[in-house]
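Take a look at the structure below.
The values are calculated or read from the model by the stated rules, or taken from the named source; none is laboratory data. Predicted model only: the values in this text are computed from it and were never measured. Ideal geometry is used to build each Cβ from the backbone, glycine not excepted, and the neighbour counts take in all protein chains shown. For the accessible areas, the whole protein counts, side chains as well, though only heavy atoms, and no ligand, DNA or RNA atoms are used. Shrake-Rupley method; radii C 1.70, N 1.55, O 1.52, S 1.80 Å.
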Amino acid sequence: MNMSDIIYHPLDANNPQDALDVKRLVDLDISEPYSIYVYRFFLSQWPNLCILAKCEGKTVGAIIAKLERHRNVRMRGYIGMVVVNRSYRKQGIAKKLVNLVIEEMVKEKADEIILETEVINEAAIGLYENIGFLRVKRLHRYYLNQHDAYRLVLPITDKSSIRSAFLPPPDSII
Ligand SMILES: CC(C)(COP(=O)(O)OP(=O)(O)OC[C@H]1O[C@@H](n2cnc3c(N)ncnc32)[C@H](O)[C@@H]1OP(=O)(O)O)[C@@H](O)C(=O)NCCC(=O)NCCS
C-alpha cells in the first residue's frame, strides 16, 4: 500500500454505510463498549468531525469528535476515538486523521482540544504527544476495565490557559 492510496473524507450523511463502517472499526478495537446512542450523538451532530480513511473503498481508519462551548466561555473540541485497522497501522493514518480534525476545529474557532486515553495505551499517547497534546490530569479508574486515564489537551488559543472563572462573558467570545 502507498500512502497516496488512502483517501480521507468526512462522514457522508447520505451514505449509511459510512456510519456502519465506523462503528465496526471502533467496536473491534476500543476497550470500552459504546452503545449505538454514542455513535448517533457524535455522528448526527458533528458529521464534519467524523473523518474516514479509505483504501480502495474499504474503511481502514476513522476519527470521531465533537466541538461545544465549555462552561459558556470557551470552545472545546473533544476527540472521542480514533482507530486504524491493524493491517494499516504505523503508516501515519491516525496522525493524518487527528491533524484533519484539528484543522476543522481550528476553522470552527476551537480554543482547545481535549481527550482521554488509557495510561497503558502507548500508541495513543505517542500519537497525541507527538502532535503537541499535553498531559494535564490522571483520572483514577476512569474506564470500566478499571484502568486509569490521562486527560490530554492541545491548547489552541490563549483562552485555553486561562481559568474559566477569569474569562469574559459569553457574548464576547464568538
Ligand atoms: C492508536 C492508533 C490509532 C495509532 O494508529 P496508527 O495509524 O498506527 O498511528 P500513526 O502511524 O499515525 O502514528 C502516529 C504517531 O504515533 C506513534 N505511534 C503509533 N503507534 C505506536 C505504538 N504502538 N507505540 C508508540 N508510538 C506509536 C508513532 O510514533 C507516530 O509518531 P510520529 O509522529 O513520530 O510519526 C492505533 O494503534 C489504533 O487503532 N489503536 C487501537 C485504538 C486506540 O487505542 N485508539 C486510541 C484511543 S481512542
Q: Determine, yes or no, whether S87 is within 14 Å of the ligand (Cβ to nearest atom), assigned to a helix (DSSP H, G or I) and more than 30 Å from K159 (Cβ to Cβ).
A: yes
Q: Scan region 76-108 residue by residue and report those that are open to solvent by less than 50 Å² (accessible area, probe 1.4 Å), among the small types (G, A, S) and closer than 20 Å to S31 by Cα.
A: G80, A94
**Q.** Subset tally (residues that are part of a helix (DSSP H, G or I), under 22 Å from A123 (Cα atoms) and in contact with an Asp or Glu (Cβ under 8 Å, 6 or more places away or on another chain)) for region 14-61
**A.** 1
Q: Check K159 against each of (1) under 12 Å from the mean Cα position of the chain (by Cα); (2) open to solvent by 40 Å² or more (accessible area, probe 1.4 Å) and name the one condition it does not meet.
A: (1)
Q. Does any residue of region 114-134 turn out to be open to solvent by less than 90 Å² (accessible area, probe 1.4 Å), more than 11 Å from the ligand (Cβ to nearest atom) and touching a residue at least 24 places away in the same chain (Cβ under 8 Å)?
A. yes
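Grab the strands (runs of 3 or more DSSP E) fully contained in region 94-174, keeping just those with 1 or more residues being among the polar types (S, T, N, Q).
Values: elements: 112-118, 134-139, 149-155.
Here the list reads 112-118.
Pick from region 33-63 the residues that are loosely packed, with under 14 Cβ neighbours inside 10 Å and charged (D, E, K, R): which of them is nearest to I114 (Cα to Cα)? Before the answer, list the steps.
Of all residues in region 33-63, those loosely packed, with under 14 Cβ neighbours inside 10 Å come to 33, 35-37, 40, 44-45, 56-58.
Right, trim to charged (D, E, K, R) and you get 40, 56, 58.
Details: R40: 20, E56: 32, K58: 29 Å.
For region 33-63, the residue satisfying everything is R40.
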Q.
So, R151, is that one touching a Lys or Arg at 6+ places or on another chain (Cβ under 8 Å) and basic (K, R) or not?
A. yes
Q) Any idea which of D171, D111 is acidic (D, E), open to solvent by 70 Å² or more (accessible area, probe 1.4 Å) and either at pLDDT below 95 or under 11 Å from R74 (Cα atoms) (or both)? A) D171
(Q) So T157 passes all but one of these: (1) within 30 Å of R86 (Cβ to Cβ); (2) at pLDDT 95 or above; (3) not charged (D, E, K, R). Which condition number does it fail? (A) (1)
Q. How many of the residues making up region 1-28 are surrounded by 13 or more Cβ atoms within 10 Å (Cβ to Cβ) and under 16 Å from the mean Cα position of the chain (by Cα)?
A. 8
